[in-house]
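The values are calculated or read from the model by the stated rules, or taken from the named source; none is laboratory data. These numbers were taken from a predicted model, which means no experiment stands behind them. Cβ coordinates were reconstructed from backbone atoms using ideal geometry, including for glycine residues, and neighbour counts include every protein chain displayed. Just so you know, the surface numbers come from the protein's heavy atoms only, side chains and all, with ligands and any DNA or RNA stripped out. Shrake-Rupley method; radii C 1.70, N 1.55, O 1.52, S 1.80 Å.
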Amino acid sequence: AAGRLRPVIGQRFPLERAADAHAAIEARATVGKTLLEVSVPPPGAR
């Protein structure tokens, strides 16, 4: 809550590339956190 912790984000992958993210983690080719990004459509868009 105080904002003292800042995670290190090493890589970001779109959800469609989740397999690549898992491969990078398994190969220990990442430093810090690996994120899967999910696109959320704006309200009303379908």
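For the chain, what is the relative contact order in percent, using Cα pairs closer than 8 Å and at least 6 residues apart in sequence?
Dividing the mean separation by the residue count of the chain yields 45 percent.
Which trypsin sites (Lys or Arg not before Pro) from segment 1-35 combine a DSSP loop assignment with at most 14 other Cβ atoms within 10 Å?
Hits after loop and neighbour filter: ARG4, ARG28.
Kindly provide the helix-only [θ] at 222 nm of the chain, computed as the sum of -39,500 (n - 2.57) over DSSP H runs of four or more divided by all residues, to the nearest 500 deg cm²/dmol?
That calculation yields -5500 deg cm²/dmol at 222 nm.
Count the net charge of all other residues whose Cβ sits under 15 Å from the Cβ of ARG17, scoring Lys and Arg as +1 and Asp and Glu as -1.
Result for the neighbourhood of ARG17: -3.
On the full set of protein chains, 1.4 Å probe, figure out the accessible area of VAL31 and give it in Å² to the nearest 10.
Roughly 110 Å² of VAL31 is accessible to a 1.4 Å probe.
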